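Novice: One structure, as structure tokens, below. Some questions next.
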Amino acid sequence: MHIKEKKFGVLPNGKKVKLYTLSAGDLQFSLTDFGATWTSLIIPSGKGKGKDDVLLGYSCLDGYLNNQPYIGVTVGRFANRIKNAAFTLNGKKYQLEANDGKNSLHSGSRGFDKLLWKSKAYEEDEGVYVRFELTSPEGDSGFPGKLKASVCYGLTKSNEIICDYQVKVDAPCPVNLTNHAYFNLNGEGRGDILSHEAVLYCSSYVEVDKYAIPTGKIIPVDGNKFDFTKRKKIDSDFSKFPVKFNGYDHCFVVDGEPGKLRPCAEVYSNESGRSMKVFTTQPGVQFYTGNHLQKVTGKPGSVYTKHTGFCMETQHFPDTPNRISFPQCTASPGNDYHEKAVFKFDWYS
Ligand code: BGC
């Protein structure tokens, strides 16, 4: 196992940005303290085709400074959408920034993904890790109270990425942290992900309106286009979507008990022989098939268009602060937020 740390670049305010590269098992995983962002994951192929970087990203810091699709970042304080960019907590209304029509997406234009985190790399028996820390002041992006986030990402000898999200607050505040990595198991820049196959351990999903805001209904997937309980090609049912959606951008309800680390998803590529298994303690996973990617200049030689990467964002349901029937995610003093996720990689010939 090995940890390498180097300079990634300098922010317009003169602050230095770091790039960490963790090596363990057969993988190499790079992360930067700007946005606590995953920048690359190099893994072998099962089909004798050599190693590839399976994460979409940019060739240098500049790309991450203008990262509209949120590639690889840590999202907070609240991942995904909040209706009308507002919520009421203990009788008080909190107004957020509307940056997706009338709604808030990923906490507005200065969420955790746009901030430089404190960081420290360390080694333990089973893996190598980077701990990222951030203090978000009272009123940050419109949210109540002061918040301290501690996010740990690591790589183990068993070829797993381990994610640990912890938050302490000094006043009640809804919290929903996730990582927004886009994967292409054939290698970034190697076409689309439509022939990848997926299984979701999810018997229902969160219905949304045309603005991707939950209607409040949780719908069984039984045999409909949201049914990934049996392995199927990602685009098998794309023709059943209205053209505007053109793929998945939906929160699926993970079977089993929230709070327990349990299987959430598996994705396979027959072309590369690679597979990724996802486990989470969170109630949901936003399965997003990169529908809005539009000519993003990525790593050297790569341009990312629609469906060239997919995301499995483990999280609480969108708009939870306005939906009392959803599993709640309000942290309060003495009631910290703590969630985990694991991404495990394999390859077969
Ligand atoms: C959302 C998408 C959005 C993407 C990039 C995902 O989490 O569900 O609607 O386009 O993030 O912001």
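A short reminder: the numbers here are calculations on the coordinates, not readings from a lab. A quick note: this is a predicted structure, and the numbers were derived from the prediction, not measured. So basically every Cβ, Gly included, is an ideal-geometry build from the backbone, and we count neighbours across all protein chains shown.
Novice: Sort 117, 38, 347 so the one with the fewest other Cβ atoms within 10 Å of its own Cβ comes first.
Specialist: Details: 117 22, 38 26, 347 18.
Lowest count first: 347, 117, 38.
Novice: Once amide H atoms are built 1.01 Å from N in the peptide plane, which residues 5 or more positions from residue 255, or in another chain, come under 5 Å H to H?
Specialist: 202, 203
Novice: Counting pairs of alpha carbon atoms under 8 Å apart in space and at least six apart in sequence, what relative contact order in percent does the chain give?
Specialist: Relative contact order for the chain comes out at 18 percent.
Novice: Compute the distance from the alpha-carbon center of region 191-236 to that of region 147-171, in whole Å.
Specialist: Going from one Cα centre to the other spans 27 Å.
Novice: In addition: How far apart, in nm, are the 7 Å Cα→Cβ label points at residue 68 and residue 295?
Specialist: Between residue 68 and residue 295, the simple spin-label model gives 1.0 nm.
Novice: Could you give the C-alpha radius of gyration of region 227-349 expressed as a fraction of 2.2 N^0.38 Å, taking N as the number of residues it contains?
Specialist: 1.21
Novice: Enumerate the calculated ³J(HN,Hα) couplings along region 323-336 in order (Karplus 6.51 cos²θ - 1.76 cosθ + 1.60, θ = phi - 60°), each rounded to whole Hz, writing x wherever the residue is Gly or Pro.
Specialist: For region 323-336, the Karplus-derived couplings read 10, 5, 6, 7, x, 7, 9, 8, 7, 8, x, x, 10, 5 Hz, x marking Gly and Pro.
Novice: Quick check of the Kirkwood formula: for region 68-202, what is the inverse mean of 1/r over all pairs of different Cα atoms, in Å?
Specialist: Result for region 68-202 stands at 16.8 Å.
Novice: State the answer as a single residue: which of 334, 246, 3 lies farthest towards the positive end of the charge dipole of region 2-347, with beta carbon charges of +1 for Lys and Arg and -1 for Asp and Glu, about the Cα centre.
Specialist: Positive-end residue among those listed: 246.
Novice: Counting only helical runs of four or more DSSP H residues, what would the 222 nm mean residue ellipticity of the chain come to if each run contributes -39,500 (n - 2.57) and the total is spread over all its residues?
Specialist: -500 deg cm²/dmol
Novice: Among the chymotrypsin sites (Phe, Trp or Tyr not before Pro) in region 197-293, which ones are in a DSSP loop with at most 16 other Cβ atoms within 10 Å of the Cβ? Mind listing them?
Specialist: On the way: sites: 201, 205, 211, 226, 228, 238, 245, 248, 252, 268, 279, 287, 288; in loops: 201, 211, 226, 228, 245, 248.
In loop regions of region 197-293 (DSSP not H, G, I, E or B), the sparsely surrounded chymotrypsin sites (Phe, Trp or Tyr not before Pro) are 211, 245.
Novice: Per residue, what volume in Å³ does the convex hull of the Cα atoms of the chain enclose?
Specialist: In the chain, the Cα convex hull volume per residue is 129 Å³.
Novice: Output ³J(HN,Hα) for region 123-134: one whole-Hz value per residue in order, computed from phi by the Karplus curve 6.51 cos²θ - 1.76 cosθ + 1.60 with θ = phi - 60°, and x for Gly and Pro.
Specialist: 10, 10, 4, 8, x, 10, 9, 10, 9, 10, 10, 8
Novice: Shifting gears a bit: Picking from 305, 320, 178, which is most flexible by a Gaussian network model of the chain using Cα springs under 10 Å?
Specialist: With Cα springs under 10 Å in the chain, the top fluctuation among 305, 320, 178 is at 305.
Novice: Could I ask something else about it? Determine, for 310, 326, 317, the number of other Cβ atoms within 10 Å of each Cβ, and report the residues in order from fewest to most.
Specialist: Arranged by neighbour count, lowest to highest, 310, 326, 317 become 326, 317, 310.
Novice: Can you tell me what percent of all Cα-Cα pairs in region 205-246 are more than 11 Å apart?
Specialist: 70
Novice: Calculate one ³J(HN,Hα) per residue across region 255-263 by plugging θ = phi - 60° into the Karplus curve 6.51 cos²θ - 1.76 cosθ + 1.60, and present them in order as whole Hz with x for glycine and proline.
Specialist: 4, x, 8, x, x, 9, 6, 9, x
Novice: Let me ask something additional. For a 23 Å ceiling on Cα separation, which of these pairs sit above it: 118/148; 7/120; 92/217?
Specialist: 92/217
Novice: Give me 32, 330 ranked fewest to most by other Cβ atoms within 10 Å of their Cβ, as a rough exposure proxy. Walk me through the numbers on the way to the answer.
Specialist: On the way: 32 25, 330 17.
Lowest count first: 330, 32.
Novice: Residue separation times 0.36 nm, minus the C-alpha to C-alpha distance between residue 203 and residue 229: what's the value?
Specialist: Extra length from residue 203 to residue 229 when fully extended: 8.7 nm.
Novice: Under Stokes-Einstein, with the Kirkwood radius over Cα pairs standing in for Rh, what whole-number D in µm²/s applies to region 1-131 at 20 °C and 1.002 mPa s?
Specialist: Stokes-Einstein gives a translational diffusion coefficient of 129 µm²/s.
Novice: Quick check on region 171-288: what are the equivalent-ellipsoid semi-axes from the Cα gyration tensor, as sqrt(5λ), descending, whole Å?
Specialist: Semi-axes from the Cα gyration tensor: 23, 18, 15 Å.
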